[in-house]
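Here's the structure we're looking at; comments come further down.
The values are calculated or read from the model by the stated rules, or taken from the named source; none is laboratory data. All of these numbers come straight from a predicted model, not from anything done at the bench. Here the Cβ positions follow ideal geometry from the backbone for every residue, glycine too, while neighbour counts run over all protein chains shown. Accessible surface is based on the protein model in full, side chains and every heavy atom, while ligands, DNA and RNA are left aside. Shrake-Rupley method; radii C 1.70, N 1.55, O 1.52, S 1.80 Å.
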Amino acid sequence: MSNSADRGVVWLGSPAFPDAARSALKNTQLRANLKRATGTIRDKRLTVTTELDDWEDLRTSAAAIKTRTSRHLDWYLLQLERSVTAAGGTVHWAADAAEANRIVTGLVRATGEREVVKVKSMATQEIGLNEHLAEAGIAAYETDLAELIVQLGDDRPSHILVPAIHRNRTEIRDLFTAEMGHWGRPAPENLGDDPRELAEAARLHLRSKFLTAKVAVSGANFAVADTGTVVVVESEGNGRMCLTLPETLITVMGIEKVIPTWSDLEVFLQLLPRSSTGERMNPYTSTWTGTTDDDGPQEFHLVLLDNGRTDTLADTVGRQALACIRCSACLNVCPVFERTGGHAYGSVYPGPIGAVLTPQLVGVEQAASLPFASTLCGACYDACPVKINIPELLAHLRAEAVEAMQAGKRLPTAEAVAMKAAASVLDSPLLLSAAQKAGSLGGRALARRGRIRRLPGPLHGWSDTRDTPAPPAESFRTWWRKNKEGDR
């Protein structure tokens, strides 16, 4: 098993979620950007999903396919390797981020090239590929519009589907004007912030890269085991350019992306676009099987990435997180994400799915605050197209975080100490009765007009942000003894 430090995923130096969220909540522009964008996507998704009478049946089918695949993942991966190899491709196995980076860097160096164009890929973000290539003197150019914005701003993605969701169009215009010239063709003079102008500036900037690049790096949405076909879906056409024009194509794919048969795509290609962009189908769905003489890349390499996934698979509860198809539906309905944004999670994978996937990929002790970054409202479960029970996973990982703390891997938090004290009180009827009486007396002493304005000491953090009604004069147990106990 690889060391968690070799796995990437978490941004080193990032603060824990509570600290990062506290800072993000103060950014009113960020909250406005997030509310506008997630609300728009959420409304579009609801419109197109209600058009299908069999939407819930599709979700059930997808969950069943993913469950079956995870139970026999070793068999399907070996079948995929045989199919890709028979079609003229080469398969590489990477145990962790460090090995994947070595493989990809070696493949690029073997071509003699020093530039690559990239299709949007969370797997390559997970392993920090761009940074590793840069250290080797190889420039990687992001071609997805949102990823280009993030790269030009020396920024980090904050959303699975819309990595630059935290930026508004004025910020993007200023970024294009200041930075495009350092990477290639500069932005047009007097560039405005109209979306069409910004898209045209990006198109002109990227076109020369598409036409000259000899090597492309991609991720994969799915890979079909019985045919060896790899699938990428996208909305802009940049992926199609990267997947067809270069001479060498290198795909980095998490091992969980494999599906058994071509017919299984029918299910996922109905679920994914509706759940992610609110579209009935993706504008561009690219599939390729190995190599074909004089058509498309003449070398194809598939890097199968583990990086903590087999450890996750070993957890019979936690493994369902591997069913994720990266649609981002859970982010768009999450009240926590809408207010904090993706950077607060300190991981390539933000939002509810990141809160359950990241701790498993790197070890729960390395991301112990993430399972607590949720209200457990269940909206993510209702939105997930493959029925990942994220609330169940959050509760499961919270328990693991507590166990890790008790095993001495982490110092006890104030919350943990408080919960332990509460457990002792709730376990004893005498202590509970005494605590209720003390709370009632103290609360009423602090109350004004039926409301506690400010709790004392560290408890003021609660009353400062919430309405705190004064406790009743008597507890329910006291009322019951007076009025109902004799009726039994």
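If the requirement is being closer than 27 Å to ALA164 by Cβ, at pLDDT 95 or above and among the β-branched types (Val, Ile, Thr), which of these qualifies: VAL356, VAL362?
Answer to the check: VAL356.
Just give me the residues in the stretch 175-218 being assigned to a loop (DSSP other than H, G, I, E, B) and either closer than 30 Å to TRP262 by Cβ or not aliphatic (A, V, I, L, M) (or both), in sequence order.
Residues satisfying the conditions are GLY184, ARG185, PRO186, PRO188, GLU189, ASN190, GLY192, ASP193, ASP194, ALA213, LYS214.
Could you please find all residues in the stretch 313-339 being open to solvent by less than 10 Å² (accessible area, probe 1.4 Å), within 19 Å of ALA37 (Cα to Cα) and not in a loop (DSSP other than H, G, I, E, B)?
Correct list: ALA329, LEU331, ASN332, PHE337.
Would you pick out the residues in the stretch 219-233 that are out of contact with any Lys or Arg (no Cβ under 7 Å at 6 or more places or on another chain) and in a strand (DSSP E or B)?
Scanning the stretch 219-233 gives VAL224, THR229, VAL230, VAL231, VAL232, VAL233.
Residues that are in contact (Cβ under 8 Å) with a residue 40 or more places away in the chain, open to solvent by less than 50 Å² (accessible area, probe 1.4 Å), in a helix (DSSP H, G or I) and not aliphatic (A, V, I, L, M): does the stretch 255-263 have at least one?
Looking through the stretch 255-263, at least one residue is in contact (Cβ under 8 Å) with a residue 40 or more places away in the chain, open to solvent by less than 50 Å² (accessible area, probe 1.4 Å), in a helix (DSSP H, G or I) and not aliphatic (A, V, I, L, M).
Please identify the pairs in which a residue from the stretch 447-463 that is part of a loop (DSSP other than H, G, I, E, B) has its Cβ atom under 8 Å from the Cβ atom of a residue that is surrounded by 12 or more Cβ atoms within 10 Å (Cβ to Cβ) and among the hydroxyl-bearing types (Ser, Thr, Tyr), counting only partners at least 6 apart or on another chain.
If the second residue must be surrounded by 12 or more Cβ atoms within 10 Å (Cβ to Cβ) and among the hydroxyl-bearing types (Ser, Thr, Tyr), the pairs left are ARG453/SER463; ARG454/SER463; LEU455/SER463; LEU455/THR468.
Residues are listed down the side, and each one gets a yes or a no for (1) surrounded by 15 or more Cβ atoms within 10 Å (Cβ to Cβ); (2) in a strand (DSSP E or B):
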residue	(1), (2)
ARG68	no, no
ASP74	no, no
LEU78	no, no
HIS92	yes, yes
ALA98	yes, no
VAL104	yes, no
LYS120	yes, no
ALA123	yes, no
LEU133	yes, no
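May I ask you to list the residues in the stretch 464-476 that are within 45 Å of the chain's Cα centre (by Cα) and in contact (Cβ under 8 Å) with a residue 12 or more places away in the chain?
Result: ASP467, THR468, PRO469, ALA470, PRO471, PRO472, SER475.
Which of the residues belonging to the stretch 291-312 are over 18 Å from the mean Cα position of the chain (by Cα) and open to solvent by 10 Å² or more (accessible area, probe 1.4 Å)?
Of everything in the stretch 291-312, those that are over 18 Å from the mean Cα position of the chain (by Cα) and open to solvent by 10 Å² or more (accessible area, probe 1.4 Å) turn out to be THR291, THR292, ASP293, ASP294, ASP295, GLY296, PRO297, GLN298, GLU299, HIS301, THR310, ASP311.
Filter the stretch 128-166 down to residues that are modelled with pLDDT under 90 and farther than 22 Å from LEU305 by Cβ, then give me how many there are.
5
Let me spell it out: the conditions are (1) part of a helix (DSSP H, G or I); (2) modelled with pLDDT of 75 or more; (3) among the hydrophobic types (A, V, I, L, M, F, W, C), and ILE388 meets all of them except one. Which number is the exception?
Single failed check for ILE388: (1).
On the given criteria, is THR251 of a type in the set (Val, Ile, Thr) and over 19 Å from ILE127 (Cβ atoms)?
no
Kindly provide the set of residues from the stretch 104-124 that are β-branched (Val, Ile, Thr), closer than 14 Å to GLU299 by Cα and touching a His at 6+ places or on another chain (Cβ under 9 Å), ordered by number.
Within the stretch 104-124, just VAL104 meets the criteria.
What tally of residues in the stretch 137-174 results from selecting those that are closer than 23 Å to THR277 by Cβ, of a type in the set (Val, Ile, Thr) and part of a loop (DSSP other than H, G, I, E, B)?
4
Just give me the residues in the stretch 27-46 being more than 19 Å from ARG326 (Cβ to Cβ), surrounded by 12 or more Cβ atoms within 10 Å (Cβ to Cβ) and β-branched (Val, Ile, Thr), in sequence order.
THR40
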